[in-house]
């Protein structure tokens, strides 16, 4: 599902996404996969919430698509088992 972040309360770490069909969906900052400073105004893609739940895996559609997957994980630096390690 896609939309735009229209509100975000910094101290509470919650905000509102307005979807392309006009619905408003609340979210928590912990659901944003690739935070990039101020959230208000960003176009986003996310997994639509089920009734009574919040959206999941919110991805900001700004910057390079590689920033979504370039988290601080150490897994990429580890050699695969049995692959020359």
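Things to note:
- At R0 = 41 Å, FRET efficiency that the Cβ-Cβ distance of residue 61 and residue 11 yields, to 0.05: 0.95
- Potential extension, residue 20-residue 48 segment - 0.36 nm per residue separation minus Cα distance: 8.9 nm
- Reciprocal mean inverse distance between Cα atoms of region 2-65 - Kirkwood radius, Å: 11.6 Å
- Sequence-separation-based contact order of region 2-65, relative, with Cα cut under 8 Å and 6+ spacing, percent: 31 percent
Read-outs throughout are calculated quantities, based only on the coordinates presented, and are distinct from any laboratory measurement. Since we're looking at a predicted model, the values are computed, not measured. When we count neighbours, we look across all protein chains shown, and the Cβ atoms used for this are built from the backbone with ideal geometry, even at glycine.
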